[in-house]
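Reviewing the structure listed below.
The values are calculated or read from the model by the stated rules, or taken from the named source; none is laboratory data. This one's a predicted model, so the numbers in the text were calculated from it and none came from an experiment. Virtual Cβ from ideal backbone geometry, glycine too; neighbours counted across all protein chains shown.
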Amino acid sequence: MNTRSLIFTIYGDYIRHYGNQIWIGSLIRLLKEFGHNAQATRAAISRMSKQGWIQSKKKGNKSYYSLTDRGVKRIEEAAKRIYKIKPEKWDGKWRILIYTIPEEKRNLRDELRKELIWSGFGTISNSCWLSPNPLEKQVYDLIDKYDIQPYVDFFISEYNGPHTSAQLVEKCWNIEEINKKYEEFISIYSQKYIIDKHKVQKGEISDAECFVERTQLVHEYRKFLFIDPGLPEDLLPKEWMGNHAASLFSDYYKILAKPANRFFEEVFKDGNELSDKTDTYDVYDHPFIIQ
């Protein structure tokens, strides 16, 4: 796993729920479990800081790092999608964003595309993006963030044919390919779940191993945020594997949660303040979406 991406996973799944701050020494120790050395960890932290995802603070001779407001916001946005067990109902409306960003602002256009894909928009034609989800706030936030008011138009509308809404979905997203990715996830992790569940129940797996397995599980599952638009139930095929994958992820995560948290806390408390009010064993709403 990429060091930078792994750090984001650990921030989302653990650190944010322990005060959103960690001593660099503890972070280096955690990443050692995945084969990442101190030099790689420090280099990744430096890049993330320059990109505005994390911020540093000195306490004596120790350096501590926490997510910035930007990082926290992105994690909260992802939480609404990644931990849904079932899709939501559709209001029958389509959100349509059209832009004409000039060629000299190509980099800006590329960044906007990445953000729209992450949010779950699909393209029906060049520079015309659609979503059936209520993403008004995300759209206006993007318009303000990139200062693109002169170049965009945003509509909320109904689709009146001549095709069906299901056919419209097929034009914008490769649902069959997404379903295959879910099938692959289920094929791999259903077997691992059975094995690790047995090991946890028999006490045959260490807390450190549970920490690694849970982090890897989250790391893999969160990748669906970049390919699955999170369509409402009304627009999904009958044989939709996303629901099965979500249930499997939930069950597997819960099996590993307590021992994984014990290991994290043991490492975290060396150089960090562990709040008595933190009830992490029941925490189950953390997203991790930066690649």
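Considering the conditions (1) under 18 Å from Asn272 (Cβ atoms); (2) without any contact (Cβ under 8 Å) to a residue 60 or more places away in the chain; (3) touching a helix residue (DSSP H, G or I) at 6+ places or on another chain (Cβ under 7 Å), Gly52 is excluded by exactly one of them, (1). Within the stretch 169-179, how many residues turn out to be in a helix (DSSP H, G or I) and crowded, with 17+ Cβ neighbours inside 10 Å? Adding up the residues that qualify gives 5.
How do the pairs read when you match residues in the stretch 191-219 that are in the same structural domain as Asn261 (by TED's automatic domain parsing) and in contact (Cβ under 8 Å) with a residue 40 or more places away in the chain with residues anywhere that are of a type in the set (Asp, Glu) and outside any helix (DSSP H, G or I), using Cβ under 8 Å and keeping only pairs 6 or more apart or on different chains? From the stretch 191-219, the pairs are Ala208/Glu33; Phe211/Glu33; Val212/Glu33. Within the stretch 180-189, does at least one residue satisfy the condition of being under 21 Å from the mean Cα position of the chain (by Cα), closer than 21 Å to Ile75 by Cα and buried (at least 19 other Cβ atoms within 10 Å of the Cβ)? So far as the stretch 180-189 goes, no, none of its residues is under 21 Å from the mean Cα position of the chain (by Cα), closer than 21 Å to Ile75 by Cα and buried (at least 19 other Cβ atoms within 10 Å of the Cβ). Cβ separations smaller than 6 Å between residues 6+ apart or across chains give the following pairs from the stretch 80-103 residues that are β-branched (Val, Ile, Thr) and surrounded by 13 or more Cβ atoms within 10 Å (Cβ to Cβ) to residues that are assigned to a strand (DSSP E or B) and modelled with pLDDT of 80 or more: Ile96/Leu130; Ile96/Phe155; Ile98/Cys128; Ile98/Asp153.
Among the residues of the stretch 1-46, those that are charged (D, E, K, R) and under 17 Å from Val267 (Cα atoms) comprise Asp13, Arg16, Arg29, Lys32, Glu33. Within the stretch 15-22, is there a residue that is out of contact with any Pro (no Cβ under 6 Å at 6 or more places or on another chain), buried (at least 21 other Cβ atoms within 10 Å of the Cβ) and in a helix (DSSP H, G or I)? Yes, because at least one residue in the stretch 15-22 is out of contact with any Pro (no Cβ under 6 Å at 6 or more places or on another chain), buried (at least 21 other Cβ atoms within 10 Å of the Cβ) and in a helix (DSSP H, G or I). Please go through the stretch 80-117 and give me each residue that is within 16 Å of Gly230 (Cβ to Cβ) and either at pLDDT 90 or above or among the acidic types (Asp, Glu) (or both), ordered by number. If the condition is that a residue be within 16 Å of Gly230 (Cβ to Cβ) and either at pLDDT 90 or above or among the acidic types (Asp, Glu) (or both), then Glu88, Trp90, Asp91, Lys93, Trp94, Arg95, Glu115, Leu116, Ile117 are the ones that fit. Condition check for His36 on (1) touching an Asp or Glu at 6+ places or on another chain (Cβ under 8 Å); (2) crowded, with 16+ Cβ neighbours inside 10 Å; (3) part of a loop (DSSP other than H, G, I, E, B): one failure, at (1).
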